[in-house]
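Engineer: Input: one structure, supplied below.
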Amino acid sequence: MTFMDEEMFFSIRLSLQVASVATALVILTAIPTAYVLARKRFRGREILDVVLTLPLVLPPTVTGYYLIIVFGRKGLIGGPVYEWTGWNIMFTWQAAVLASFVVAFPLMLKTARAAMESVDENFINVSYTLGHSEWETALRVVLPLSKRGIIAGVVLAFARAMGEFGATMMIAGNLPGRTDTMPIAIYSLAGSGEWSKANVMVILLTVISGFFLYIVNRHARRII
Amino acid sequence: MGLQVKLEKAVKGFSLDINWEIGNELAVLFGYSGAGKTMTLQMLSGFVKPDNGFIRLSGTVLHDSAGKINIQPQDRPFGYVFQDLALFPHMTVMKNILYGATGASKKDGMALANCFIREFKLGGLERRYPHEISGGQKQRVALARALIRQPEALLLDEPFSALDRPLRLEMRHFLKDLMDRFHIPVVLVTHDFEEARAVADKIIIYENGTISQTGSPEEFPKRPVN
C-alpha cells in the first residue's frame, strides 16, 4: 500500500499553487495598503482598516458568502464579467485563490502596518531633508526598516492561505481533481472514512503550518 | 544673503514669535527646553508650517505665508543633523553618506563620499553599521551625510549633547574647521551656554517662544539671566 495516490498529490500541488498565487497577490496589494494606512491621514482611514480586516474575525463562510454576492454569476462584479466574457470564477481553482487572498490579506496588512508605524519618524524626515521623494523614502527607508514585520506577514499569509477551508468551500466548492485543496480533501477523506489517507494529509498540513509558525516566531523575536 | 527668518506659530499652550537674520556664520539658538528652538528648525526644514512669516535663504524664498509659498522639505537646500542623528541602522557608514549624495551620478557620489570619508577621518569604517562605531564617529557620519549634497545652510539640533566632554571639545573644533571650509549659514541649537559661547559667531537667546537677546559671544560674558 502506498501512502499517497494521484488525487492526494493533486491536492498538495493545488494547495501550494493556490497559496503561492494568493500570497503573491497579498504581497502586491497589502504592502502599499499598509503603507497608506500607516503613513497617511485621511477621513475614513480606520473604517477602511476595519473593512479590510473583517475577514480575520468573520466566519469564513460569511466571507465566502460576500464573495458569492460580489463574484457570483449574478454578482456585482461577477455578473458583468460573465455577460462580457461568458466566464465565471465560481468553482474554479482561481476561486480558491480569491478566497485564500481575502482571508490572508488582513494578516499581512496588520503585521506590515504595525511594522511601518514603528519606523522612527526621524529616519523618514532625515530622508526628506536629504532631498529624497516620498516614493524613494518608502522604498529605501520605510520598507527595509519594516522588513522583519513584512516577512512575518508574508509567512503568516501563506500559512493561512494553505489552511483556508470555509470561504473556499463556498465559492470553489469541493470538486475532486479541480478545487479540492488539502483542507477540502481532508474533509472529503474523513467523510468517506478513508482514515489512512486523511492521516497523511493532516500530518503534512500540520508539519507545513508548524514550520511556517516557527519562521514567524524567529522573525517576530528579532523585530522586538 | 544668508538666512532671514520671521516666524509665528501658535500650538496648544505655546506660541512662537521670532525674527532673526544671519550671514555665513555660525548662529547658536540658546534657551531652555521648550523655548521654541527645535520648533524653529522644524519650520526651517519644512516639517512644521508656520502660521505666519517667511524664510529666505540666499535670496530664495522657501516659505512666505503672505505669498502662499511653502517649499516642500525635499526641495529645501538645508542639511539637517537631528538630535539623535538618525543614522539609518540598515545602511553601512558608506551607504549612509552616499544616501545624502542626492542627484549625483553613482560615480560622482562615490568619489565625493570617499572624499568626505577621508576628510572626516572615517577611513576603514566604510562597511561598518552605525551600531558598530563610536559616538564621535556617528556625529561625523551624520555631518558628512548632511553636507555631501552641498546644502546652502546647515541645521544642527543639539548635535553634541550625547557626547562626553573630551569628545564635545573635539567636535567643537571639528565644527569650527567645517565653518572655514563651507561658507554657509549654520544654525546650532543648544541649551549648553558654554558650548554656545565656544562655537558661536552669534548667539540668539530664546525665551518662551520669543527672542530676548542677540549678540556676539563677547557680549555675553556671563550666562544670561533667566
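Residue-wise test of (1) over 25 Å from A:ALA138 (Cα atoms); (2) surrounded by fewer than 23 Cβ atoms within 10 Å (Cβ to Cβ); (3) out of contact with any helix residue (DSSP H, G or I) (no Cβ under 9 Å at 6 or more places or on another chain).
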{"residue": "B:LEU16", "(1), (2), (3)": "yes, no, no"}
{"residue": "B:GLU21", "(1), (2), (3)": "yes, yes, yes"}
{"residue": "B:ASP75", "(1), (2), (3)": "no, yes, yes"}
{"residue": "B:VAL93", "(1), (2), (3)": "no, no, no"}
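Engineer: Could you tell me which of the residues B:GLY67, B:GLY46, B:GLY36, B:GLY136 is more than 13 Å from chain A (Cβ to nearest Cβ), closer than 27 Å to B:ILE211 by Cβ, in contact (Cβ under 8 Å) with a residue 24 or more places away in the chain and small (Gly, Ala, Ser)? Before you say what the answer is, go through the steps one by one.
Structural biologist: Numbers: B:GLY67 fails: in contact (Cβ under 8 Å) with a residue 24 or more places away in the chain; B:GLY46 fails: more than 13 Å from chain A (Cβ to nearest Cβ); B:GLY136 fails: closer than 27 Å to B:ILE211 by Cβ.
That would be B:GLY36, the only listed residue that is more than 13 Å from chain A (Cβ to nearest Cβ), closer than 27 Å to B:ILE211 by Cβ, in contact (Cβ under 8 Å) with a residue 24 or more places away in the chain and small (Gly, Ala, Ser).
Engineer: Let me ask another. Inside the stretch B:141-165, can you point out the residues that are of a type in the set (Gly, Ala, Ser), part of a helix (DSSP H, G or I) and touching a residue at least 60 places away in the same chain (Cβ under 8 Å)?
Structural biologist: Taking the stretch B:141-165 first, the residues of a type in the set (Gly, Ala, Ser) are B:142, B:144, B:146, B:153, B:161-162.
The next check asks that each one be part of a helix (DSSP H, G or I); those that pass are B:142, B:144, B:146.
Once the filter is applied, which keeps residues that are of a type in the set (Gly, Ala, Ser), part of a helix (DSSP H, G or I) and touching a residue at least 60 places away in the same chain (Cβ under 8 Å), the stretch B:141-165 yields B:ALA142, B:ALA146.
Engineer: Would you mind stating whether A:LEU25 is modelled with pLDDT of 95 or more, surrounded by 11 or more Cβ atoms within 10 Å (Cβ to Cβ) and within 17 Å of the chain's Cα centre (by Cα)?
Structural biologist: On the way: modelled with pLDDT of 95 or more: yes; surrounded by 11 or more Cβ atoms within 10 Å (Cβ to Cβ): yes; within 17 Å of the chain's Cα centre (by Cα): yes.
Yes.
Engineer: Sticking with this structure for a sec: Of these, A:VAL155, A:VAL141, which one is of a type outside the set (Lys, Arg), within 14 Å of another protein chain (Cβ to nearest Cβ), buried (at least 20 other Cβ atoms within 10 Å of the Cβ) and in a helix (DSSP H, G or I)?
Structural biologist: A:VAL141
Engineer: Looking at (1) closer than 22 Å to B:GLN4 by Cα; (2) within 14 Å of another protein chain (Cβ to nearest Cβ); (3) touching a helix residue (DSSP H, G or I) at 6+ places or on another chain (Cβ under 9 Å), which one does B:LEU41 not meet, given that it meets all the others?
Structural biologist: Answer for B:LEU41: the failing condition is (3).
Engineer: Do we have B:LEU41 as assigned by TED's automatic domain parsing to the domain that holds B:GLN139 and under 22 Å from B:ILE184 (Cβ atoms) here? Even if it seems obvious, please write down each step before you answer.
Structural biologist: Values: assigned by TED's automatic domain parsing to the domain that holds B:GLN139: no; under 22 Å from B:ILE184 (Cβ atoms): yes.
No.
Engineer: Right, something else. For the stretch B:180-192, enumerate the residues that are outside any loop (DSSP other than H, G, I, E, B) and surrounded by fewer than 17 Cβ atoms within 10 Å (Cβ to Cβ). Don't jump to the end; show me each part of the working.
Structural biologist: Quick first cut of the stretch B:180-192, residues outside any loop (DSSP other than H, G, I, E, B) only: B:180-181, B:186-190.
Of everything in the stretch B:180-192, those that are outside any loop (DSSP other than H, G, I, E, B) and surrounded by fewer than 17 Cβ atoms within 10 Å (Cβ to Cβ) turn out to be B:ASP180, B:ARG181.
Engineer: Sort out which residues of the stretch A:35-71 are under 28 Å from A:TRP87 (Cβ atoms) and in contact (Cβ under 8 Å) with a residue 24 or more places away in the chain, and write them in order of number. I'd like the intermediate steps shown before the answer.
Structural biologist: Keep residues of the stretch A:35-71 that are under 28 Å from A:TRP87 (Cβ atoms), which gives A:51-52, A:54-55, A:58, A:60-71.
A:LEU52, A:LEU54, A:PRO55, A:PRO60, A:THR61, A:THR63, A:GLY64, A:TYR65, A:LEU67, A:ILE68, A:PHE71, listed by residue number.
Engineer: Can you find a residue that is touching a residue at least 40 places away in the same chain (Cβ under 8 Å), outside any loop (DSSP other than H, G, I, E, B), within 14 Å of chain A (Cβ to nearest Cβ) and not acidic (Asp, Glu) anywhere in the stretch B:83-94?
Structural biologist: Within the stretch B:83-94, not a single residue is touching a residue at least 40 places away in the same chain (Cβ under 8 Å), outside any loop (DSSP other than H, G, I, E, B), within 14 Å of chain A (Cβ to nearest Cβ) and not acidic (Asp, Glu).
Engineer: If we keep just the residues of the stretch B:70-82 that are part of a loop (DSSP other than H, G, I, E, B) and facing another protein chain (nearest Cβ under 9 Å), which is nearest to B:THR38 (Cα to Cα)?
Structural biologist: Here is the first cut: in the stretch B:70-82, the ones part of a loop (DSSP other than H, G, I, E, B) are B:71-72, B:76-77, B:82.
With the extra rule that they be facing another protein chain (nearest Cβ under 9 Å), the set shrinks to B:72, B:76-77, B:82.
On the way: B:GLN72: 18, B:ARG76: 17, B:PRO77: 18, B:PHE82: 10 Å.
My answer is B:PHE82.
Engineer: Considering only residues that are crowded, with 17+ Cβ neighbours inside 10 Å and among the polar types (S, T, N, Q), which ones fall in the stretch A:28-50?
Structural biologist: A:THR33
Engineer: Test A:VAL126 against the criterion of being of a type in the set (Val, Ile, Thr), crowded, with 24+ Cβ neighbours inside 10 Å, modelled with pLDDT of 95 or more and assigned to a helix (DSSP H, G or I), and give yes or no. Talk me through it step by step, then tell me what you get.
Structural biologist: Numbers: of a type in the set (Val, Ile, Thr): yes; crowded, with 24+ Cβ neighbours inside 10 Å: yes; modelled with pLDDT of 95 or more: yes; assigned to a helix (DSSP H, G or I): yes.
It is true that A:VAL126 is of a type in the set (Val, Ile, Thr), crowded, with 24+ Cβ neighbours inside 10 Å, modelled with pLDDT of 95 or more and assigned to a helix (DSSP H, G or I).
Engineer: Within the stretch B:36-55, which residues are part of a loop (DSSP other than H, G, I, E, B) and under 17 Å from B:PRO151 (Cβ atoms)? Lay out the reasoning, then the answer.
Structural biologist: Initial filter on the stretch B:36-55 (part of a loop (DSSP other than H, G, I, E, B)): B:36, B:46-51.
Within the stretch B:36-55, B:GLY46, B:PHE47 qualify.
Engineer: Check B:LEU98 against each of (1) outside any helix (DSSP H, G or I); (2) at pLDDT 95 or above; (3) within 14 Å of another protein chain (Cβ to nearest Cβ) and name the one condition it does not meet.
Structural biologist: Among (1) outside any helix (DSSP H, G or I); (2) at pLDDT 95 or above; (3) within 14 Å of another protein chain (Cβ to nearest Cβ), B:LEU98 violates only (1).
Engineer: Across the stretch A:168-193, what is the total count of residues that are surrounded by fewer than 18 Cβ atoms within 10 Å (Cβ to Cβ), more than 18 Å from A:GLN17 (Cα to Cα) and not polar (S, T, N, Q)?
Structural biologist: Residues in the stretch A:168-193 being surrounded by fewer than 18 Cβ atoms within 10 Å (Cβ to Cβ), more than 18 Å from A:GLN17 (Cα to Cα) and not polar (S, T, N, Q): 4 in total.
Engineer: Is at least one residue of the stretch A:115-138 out of contact with any Asp or Glu (no Cβ under 9 Å at 6 or more places or on another chain), more than 14 Å from chain B (Cβ to nearest Cβ), of a type outside the set (Phe, Trp, Tyr) and over 30 Å from B:ALA142 (Cα atoms)?
Structural biologist: For the stretch A:115-138, residues out of contact with any Asp or Glu (no Cβ under 9 Å at 6 or more places or on another chain), more than 14 Å from chain B (Cβ to nearest Cβ), of a type outside the set (Phe, Trp, Tyr) and over 30 Å from B:ALA142 (Cα atoms): absent.
Engineer: Looking at B:GLU158, B:GLU170, B:GLU119 in this structure, which one is within 14 Å of chain A (Cβ to nearest Cβ) and at pLDDT below 95? It would help to see each step written out before you state the result.
Structural biologist: Numbers: B:GLU170 fails: within 14 Å of chain A (Cβ to nearest Cβ); B:GLU119 fails: within 14 Å of chain A (Cβ to nearest Cβ).
Answer to the check: B:GLU158.
Engineer: When only residues in the stretch B:78-91 that are surrounded by fewer than 20 Cβ atoms within 10 Å (Cβ to Cβ) and at pLDDT below 95 count, which is nearest to the chain's Cα centre (by Cα)?
Structural biologist: Taking the candidates together, the pick is B:GLN83.
Engineer: Another question, then. What residue, of B:GLY209, B:GLY136, is surrounded by 16 or more Cβ atoms within 10 Å (Cβ to Cβ) and in the same structural domain as B:MET43 (by TED's automatic domain parsing)? Walk me through it before giving the result.
Structural biologist: Details: B:GLY136 fails: in the same structural domain as B:MET43 (by TED's automatic domain parsing).
Every option except B:GLY209 fails the conditions.
The values are calculated or read from the model by the stated rules, or taken from the named source; none is laboratory data. Every value quoted in this text rests on a predicted model; they were computed, and no experiment measured them. Here the Cβ is made from the backbone with ideal geometry for all residues, glycine too, and neighbour counts use every protein chain on show.
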